[in-house]
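J.: Have a look at this one.
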Amino acid sequence: MVGFPAVVPFPCERGKVRAFVDLTTVSSGQERLWLSRFLAKESEIDESDLVVAAASNSVDDRPGVVWVEGDPGQRWATLTTALSAFLDEAPDAPAKVVSFSNEVLHAARMTAGDRANVVTEEFKKYVPTRTVRWPSGTVSLDDAHAALTAALRANGGTLRMTTVRPAMASIDSRFKKSEIPSHPLNAQGVWGAMVSAAEDAGLVSTSGTPSNRLVKLVGGSAIEIDDASASLVPAGPAMFERDSDRYLSLLRAAALGPFQQVRIAIYGEIQRELDKGREVTIAQLLDRSIARVRKDIENAHVKGKDHLVKQGQALPWSSVRAFIGTLFTRQAVLLSAGEAVRADWLHLDSIASGLIDEWQLRLDGELVKYLIEQGCRVDQYAEVELGGALYNSRQDLAPVRAVLKHLIEVGACEFAPDYSLRLR
């Protein structure tokens, strides 16, 4: 039977925190573990003030448990109904909603409105911290630090984190990467732990983002590296967890999307609309393509399915339209009467007859050019982060590489002496 038991009313003292814990997206069989982790870290929350949403019989039955069953649409309806009931029951009491799902957290924020006493938290906050230590039984930490400082001196006093191990291996062969996956020096986090220990000992300093820190020798003749992340991110705690977060922040601040998969889907609809061979103005072409993508997303969400964006995530469609229009205005990629034109107010009523070659690369190139204008360093290390920011993928780097190649081929960018890209 699909549904949920009524949330049993209970008196709640003002200031006492209530909690709604969503376990529906926890891996099957792990629900009890994650609930215990939550309760261990939130010991001030009484179980009588706790509502738990979970798959049937995945946790112990108790008052306040909401069993979530059925197809995706039914599960979503059950979950959001229970969430609304939880938030409505004691509006004056502080409340916390915890979930692995961004759409659940978004639904909680939308339901809570302007209530300042409702907090949403990602469940990953409750992942137990793991202390990583250098495997001194394999190579002593003193030997590692000696090789690190020697490698830094041999490389002008400064290395990127990703080049630390190869540089140390050139000093001492014990640090070469082993082909045995279980080798202690192949363990995740040990190299960062070694560098952090060197920093604590005053041997080195670090700066930049955690994904690829700069390591600098202290007291040596370190050569300054022109690093965009070092200039934008102050020493100490990073402003952004990854460079891709910084890229997204810069693009959004400039109203340049990037609306990742939605942007690519709109590109596809524009091409399909033109392939039909029907007469269409530039304004109609853009509006219809955006409307079709929006309808596909909304239809999928009604059926309880994710499509391009997750269920519960609301897109600012007027901003999407303005962003697409801006890209097509920055670059004259549309053909009208055999001439490449921009989608500006002078040409919105012109008949669109086609698109120039490599039009998508030209449009996406505008995003990369803007990041370079803002001081972002675009080099080999930036590929993965650009993939995450522009295409929501750090695995398939082909789209990013195609855009970078295009920018060089058309003369928009050139190689700097250090092989990073700069605008021409």
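J.: Filtering segment 309-334 down to residues that are small (Gly, Ala, Ser) and surrounded by fewer than 16 Cβ atoms within 10 Å (Cβ to Cβ), which residue is nearest to Gly73 (Cα to Cα)?
T.: Ala314
J.: Examine segment 146-162 for a residue that is in a loop (DSSP other than H, G, I, E, B), in contact with a strand residue (DSSP E or B) (Cβ under 6 Å, 6 or more places away or on another chain) and either touching a residue at least 40 places away in the same chain (Cβ under 8 Å) or buried (at least 16 other Cβ atoms within 10 Å of the Cβ) (or both), and state whether such a residue exists.
T.: yes
J.: Among the residues of segment 171-192, which ones are of a type outside the set (Val, Ile, Thr) and either assigned to a helix (DSSP H, G or I) or surrounded by 15 or more Cβ atoms within 10 Å (Cβ to Cβ) (or both)?
T.: Listed by number, the residues that qualify are Asp172, Ser173, Arg174, Phe175, Pro184, Leu185, Asn186, Ala187, Trp191, Gly192.
J.: Suppose the filter is within 22 Å of the chain's Cα centre (by Cα), closer than 21 Å to Met161 by Cβ, among the acidic types (Asp, Glu) and at pLDDT 90 or above; does Glu385 pass it?
T.: When the stated conditions are applied, Glu385 passes them.
J.: Among the residues of segment 34-45, is any within 26 Å of Lys305 (Cα to Cα) and surrounded by fewer than 20 Cβ atoms within 10 Å (Cβ to Cβ)?
T.: Scanning segment 34-45 turns up no residue that is within 26 Å of Lys305 (Cα to Cα) and surrounded by fewer than 20 Cβ atoms within 10 Å (Cβ to Cβ).
J.: If we scan segment 186-199, do we find a residue that is modelled with pLDDT of 85 or more and of a type in the set (Phe, Trp, Tyr)?
T.: Yes: segment 186-199 contains one or more residues that are modelled with pLDDT of 85 or more and of a type in the set (Phe, Trp, Tyr).
J.: Separate question: Residues to consider are Arg401, Arg424, Arg394; find the one that is surrounded by fewer than 19 Cβ atoms within 10 Å (Cβ to Cβ) and touching a Cys at 6+ places or on another chain (Cβ under 7 Å).
T.: Just a single option satisfies the conditions, and that option is Arg424.
J.: I'd like to verify a number: residues in segment 333-365 that are touching a His at 6+ places or on another chain (Cβ under 9 Å) and of a type in the set (A, V, I, L, M, F, W, C), how many?
T.: Matching residues across segment 333-365 total 3.
J.: Restricting the first residue to segment 34-47 and requiring it to be closer than 14 Å to Arg62 by Cα and at pLDDT 85 or above, which pairs with a second residue that is loosely packed, with under 13 Cβ neighbours inside 10 Å and not charged (D, E, K, R) meet a Cβ separation below 7 Å and a spacing of at least six or different chains?
T.: none
J.: Another one. Can you go through Asp357, Asp379, Asp275, Asp306 and tell me which one is closer than 27 Å to Ser249 by Cβ, surrounded by fewer than 18 Cβ atoms within 10 Å (Cβ to Cβ) and free of Cβ contacts under 8 Å to residues at least 12 places away in the same chain?
T.: Asp306
J.: Residue by residue through segment 270-280, note down the ones that are assigned to a helix (DSSP H, G or I) and either in contact with a Leu (Cβ under 9 Å, 6 or more places away or on another chain) or not assigned by TED's automatic domain parsing to the domain that holds Asp245 (or both).
T.: Ile270, Gln271, Glu273, Leu274 - these are the residues of segment 270-280 that are assigned to a helix (DSSP H, G or I) and either in contact with a Leu (Cβ under 9 Å, 6 or more places away or on another chain) or not assigned by TED's automatic domain parsing to the domain that holds Asp245 (or both).
J.: Follow-up question, since we're still on this one. Looking at (1) farther than 21 Å from Leu274 by Cβ; (2) of a type in the set (A, V, I, L, M); (3) loosely packed, with under 14 Cβ neighbours inside 10 Å, which one does Ala337 not meet, given that it meets all the others?
T.: (1)
J.: Here is a further query. If you scan segment 248-272, which residues turn out to be within 20 Å of Tyr370 (Cα to Cα), in contact (Cβ under 8 Å) with a residue 40 or more places away in the chain and surrounded by fewer than 17 Cβ atoms within 10 Å (Cβ to Cβ)?
T.: Correct list: Ala254, Ala255, Gln261.
J.: In addition: Restricting the first residue to segment 111-127 and requiring it to be of a type in the set (A, V, I, L, M), which pairs with a second residue that is surrounded by 13 or more Cβ atoms within 10 Å (Cβ to Cβ) and part of a loop (DSSP other than H, G, I, E, B) meet a Cβ separation below 9 Å and a spacing of at least six or different chains?
T.: These pairs meet every condition: Val118/Pro94; Val119/Val17; Val119/Pro94.
J.: Could you tell me whether segment 240-247 includes any residue that is in contact (Cβ under 8 Å) with a residue 24 or more places away in the chain, of a type in the set (Gly, Ala, Ser) and crowded, with 17+ Cβ neighbours inside 10 Å?
T.: Scanning segment 240-247, I find at least one residue that is in contact (Cβ under 8 Å) with a residue 24 or more places away in the chain, of a type in the set (Gly, Ala, Ser) and crowded, with 17+ Cβ neighbours inside 10 Å, so the answer is yes.
J.: Right, another one. Could you list, in sequence order, the residues of segment 309-319 that are touching a residue at least 12 places away in the same chain (Cβ under 8 Å) and over 20 Å from Ser393 (Cα atoms)?
T.: Gly312, Ala314, Trp317, Ser319
J.: Shifting gears a bit: Would you tally the residues in segment 382-396 being of a type outside the set (Val, Ile, Thr), over 17 Å from Val262 (Cβ atoms) and assigned to a helix (DSSP H, G or I)?
T.: Of the residues in that region, 4 qualify.
J.: Within segment 117-145, which residues are of a type in the set (Gly, Ala, Ser) and buried (at least 18 other Cβ atoms within 10 Å of the Cβ)?
T.: Ala144
J.: If I go through segment 360-371 residue by residue, how many of them are over 21 Å from the mean Cα position of the chain (by Cα) and under 16 Å from Leu250 (Cβ atoms)?
T.: Adding up the residues that qualify gives 0.
J.: Failed condition for Val132, given (1) touching a Lys or Arg at 6+ places or on another chain (Cβ under 8 Å); (2) assigned to a loop (DSSP other than H, G, I, E, B); (3) among the β-branched types (Val, Ile, Thr), with all others met?
T.: Single failed check for Val132: (1).
J.: Still on this structure: For segment 407-422, check the following and say yes or no: at least one residue is touching an Asp or Glu at 6+ places or on another chain (Cβ under 6 Å) and in a helix (DSSP H, G or I).
T.: no
J.: Suppose the filter is within 27 Å of the chain's Cα centre (by Cα) and among the charged types (D, E, K, R); does Glu89 pass it?
T.: no
The values are calculated or read from the model by the stated rules, or taken from the named source; none is laboratory data. What you are looking at is a predicted structure, and each value in this text was computed from that prediction instead of being measured. Note that we place each Cβ from the backbone using ideal geometry, even for glycine, and neighbour counts take in every protein chain shown.
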